[in-house]
Every structure is written in C-alpha cells, then in structure tokens.
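First comes the structure, then the notes that go with it.
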Amino acid sequence: PPRREGNAVFPNREIHRRPGAGVDNGAARSQVDTIQCKRCGPDKPRLAKAPFRTDLGTRIQDQICAGCWAEWLQHQTLLINHYGLDPRDAKAREFLYGQIETVLLGGGDGKEIDTSQQGDIAW
C-alpha cells in the first residue's frame, strides 16, 4: 500500500528514476576529484570549484589540493589580521594575490608573521 504524508501519496517503489541515476562511477570521478598538488604531491582531493573567477582561480583549482588551500586560508587570515588588510582594497588584494603566487603556486615561503608586533606593508 502507498504511504501518506500530509495530502500526498507516495508509492512504495521508485518510478521516476533515470537509468544510471545515483550510480557512483568511481573511476571517472577519481580522475576529476583528485589532482597532483603542486605543494604536497599526487592523488589529493581537488577543490570543488575555483576560488576566484579568474585565471588565478583556475590555476589554483588545477594545481592546489583542498587541504593546501585550507592551510592557505588560515595563513591568509593571519596576513590580513597582522597587516590590518582590507581585502576590498586593491593594494591589499594585490599583496595577497602575490602571496598566493609565491606560497602556493611558486612553492616559496610566505611572509613571516611576528605576532608580537603589528606588521606594516610598504606600498
């Protein structure tokens, strides 16, 4: 017998299922969902979407794994707080994008942050 929820009646079987719907194609997904991260190595989870709608965002999605991006976001927060940056400001964004190029995509070291003192960026 069908089950009732409110005024709607639901049959006990699925009748509107597309062929293959809900089937997990693991082989095809693994190629798309993992990348060789430029920072930490092969077969790492890929970012679900590019963090920016620019070439830089696409490069990050193609080259940086989700874990390294999460670490970057923590480092970026430290930079913003330490230097008192306003990400809406063009010069602050330029500095942060430069750090992304150096730290994530270039494999370099980020700006050292001395948390005992307030930082200052020479524009």
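Observations
- The figure for Tyr83 is an accessible area of roughly 40 square angstrom, using a 1.4 Å probe on the protein chains alone.
- Summing Lys and Arg as +1 and Asp and Glu as -1 over all other residues whose Cβ lies under 9 Å from the Cβ of Ala66 gives a net charge of +2.
The values are calculated or read from the model by the stated rules, or taken from the named source; none is laboratory data. In this text, all values refer to a predicted model and were calculated from it rather than measured experimentally. Positions of Cβ are backbone-derived with ideal geometry, glycine not excepted, and every protein chain shown enters the neighbour counts. Please note that ligands, DNA and RNA were not included when accessible areas were found on the heavy atoms of the full protein model with its side chains. Shrake-Rupley method; radii C 1.70, N 1.55, O 1.52, S 1.80 Å.
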